[in-house]
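Colleague: Dumping the structure here so I can ask a few things about it.
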Amino acid sequence: MSKPLPLCVVGGGLVGLRHARIAHSSAGIDLCAVVEVDSAKRKEIAASGLPVVADMAEVPARAEAAVIAVPTSDHFACASQAISKGWALLVEKPITGTLGDAHRLIDAAEKKGLPLFTGHHRRCHRLIERFKKRLPRIGHPIAVQGLWSLRKHDDYFDVTWRMQSGGGPLMINLSHDLEMSMYLLGLIRTIDARSARFARGGSMEDTAALIMAFESGVLGSYLLSDAGASPWSFETATGENPNLGYSGEDCMVIIGDRGSIGFPSGVLWEAASGESPDWRNSLVRDRDPSAMVDRVEFDTLAEQMARFVRSLEGEEVDLCSGEQGRDALAATLACVLATQQARSIALAEVPLAYDGTYDGSAFESSPKSS
């Protein structure tokens, strides 16, 4: 058995601590330190039994890898410092705040010969794996429709950066769904979107609707809101986040020329044996017997971490690469830019220095009272 991987987690927030606890409990990982600049948080982390330091310079010299889980604005600086130390990296999504920084980070890792992955963990979920294997039965994909709508609790927004540019659902939540769509259907070419800020006011969006055109010719639509209460989201559909509720309801449908399939149920609608799938015939409902019926505990972050460790041992694993993370960032920024300019945006035209900053003028006006 190989020695445990000496690893540190940079960032002691909610996601960083989830990574740290997974690492701490894993026999294949030696958690060297959690890096947290806030002294009050450091005391809490230390009290929980995790090793903690104030700066990356204080991480024990034995460290060979790191998980970067700081706010997006600090991703590039922290990841660059980690690369200079020779650490393999798993950077939480989005990989950086701008495409220019993403390109620079990828180039820096390549020059050092260091692995660089992006923390789009949903592809590690067992239900996505099963869904992808079942997907070819619908024939050539034609369209996709997705939905993510969860009402975030009010004190979620007590954290200052969540009410600032980049803290809304477009940058925080949509990026996961866009990456998952591209994982299943290939690269997105253009995105058109409109957003609204009806629920909380201010300049931060709470709801958005978008249309996607994939390079393969597939078209997609997506509705996103962190103000609307509903059972439809990846998290509530799969139960993958233990801090959120559960519904088991499908949050995505992919339609093909031979049939259609819902996620995560795996329910497939296709023609009966020997019949054509055209509109003259009723389609037959076929449920995936291996798909989840009731909530099943499955820690996708733990699976991602396990794959990260195995990748550093030389195993070929399915993780989101730095380049794929960059593509997901490009799609997300294109969506934000589309809401600002009220037009379709090609991913190739997103400026390298663009970080999604806006002044709120591109939003729809709040509805007038009757």
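Colleague: Which whole-number percent is the relative contact order of the chain (Cα, under 8 Å, 6+ apart)? Could the numbers behind the result be given before it?
Modeller: Numbers: 785 pairs, mean separation 69.6, N = 370.
That works out to 19 percent.
Colleague: Give, as a single signed number, the net charge of other residues whose beta carbon lies under 15 Å from the beta carbon of Ser276, with Lys and Arg counted +1 and Asp and Glu -1.
Modeller: Computed value for this residue: -2.
Colleague: Go through the range 323-328 residue by residue and turn each phi into a ³J(HN,Hα) via Karplus (6.51, -1.76, 1.60, θ = phi - 60°); whole Hz please, and just put x for glycine and proline.
Modeller: With the stated coefficients, the range 323-328 comes to 5, 5, x, 5, 5, 5 Hz.
Colleague: Starting from the Cα of Lys85, draw a straight line to each of the lysines and keep only those under 17 Å, dropping any in the same chain fewer than 8 residues away.
Modeller: The qualifying lysines are Lys111, Lys112.
Colleague: Report, in degrees rounded to the nearest 10, the 0 to 90 angle that the Cα long axis of helix 14-25 makes with the longest principal axis of the chain.
Modeller: Rounded to the nearest ten degrees, it is 70.
Colleague: Can you tell me what share of the DSSP beta bridges in the chain is antiparallel? A percent to the nearest 5 is fine.
Modeller: Roughly 55 percent of the DSSP beta bridges within the chain come out antiparallel.
Colleague: Something else now. Kirkwood Rh over Cα pairs of the chain into Stokes-Einstein at 20 °C, 1.002 mPa s: D in µm²/s?
Modeller: 99 µm²/s
Colleague: Next up: Of the heavy-atom accessible surface of the chain (probe 1.4 angstrom), what whole percent is carbon and sulfur? Could the numbers behind the result be given before it?
Modeller: Working: 8780 of 16570 Å².
C and S atoms contribute 53 percent here.
Colleague: Tell me, what is the 1.4 Å probe accessible area of Met163, in Å² to the nearest 10?
Modeller: 70 Å²
Colleague: Rounded to the nearest 500 deg cm²/dmol, what is the calculated helix-only ellipticity per residue at 222 nm for the chain, with -39500 (n - 2.57) per DSSP H run of length n ≥ 4? Don't skip to the end; give the middle numbers.
Modeller: On the way: 9 runs with 103 residues, N = 370.
Theoretical 222 nm ellipticity from helices: -8500 deg cm²/dmol.
Colleague: Shifting gears a bit: Which FRET efficiency value, to the nearest 0.05, do you get for Val284 and Leu14 by plugging their Cβ-Cβ distance into 1/(1 + (r/R0)^6) with R0 = 41 Å?
Modeller: 0.40
Colleague: Excluding residues on the same chain fewer than 8 positions from Lys43, give the aspartates and glutamates whose Cα lies under 15 Å from its Cα.
Modeller: The reachable aspartates and glutamates, counting only those whose Cα sits under 15 Å from Lys43, are Asp55.
Colleague: Now for a different question. Would you tell me the accessible area of Thr236, worked out with a 1.4 angstrom probe on the heavy atoms of the protein chains, in Å² to the nearest 10?
Modeller: So the heavy atoms of Thr236 present about 10 Å² to solvent.
Colleague: At a Cα cut-off below 30 Å, give the lysines reachable from Lys132, other chains included and same-chain residues fewer than 8 away excluded.
Modeller: By straight Cα distance, Lys132 reaches Lys93, Lys152.
The values are calculated or read from the model by the stated rules, or taken from the named source; none is laboratory data. Owing to the predicted nature of the structure, the values given are computational and were not obtained by experimental measurement. Counting neighbours? That spans all protein chains shown, and the Cβs are built from the backbone with ideal geometry, glycine included. The protein model used for the area step is the full one, side chains on, heavy atoms only, and it has no ligands, DNA or RNA in it. Shrake-Rupley method; radii C 1.70, N 1.55, O 1.52, S 1.80 Å.
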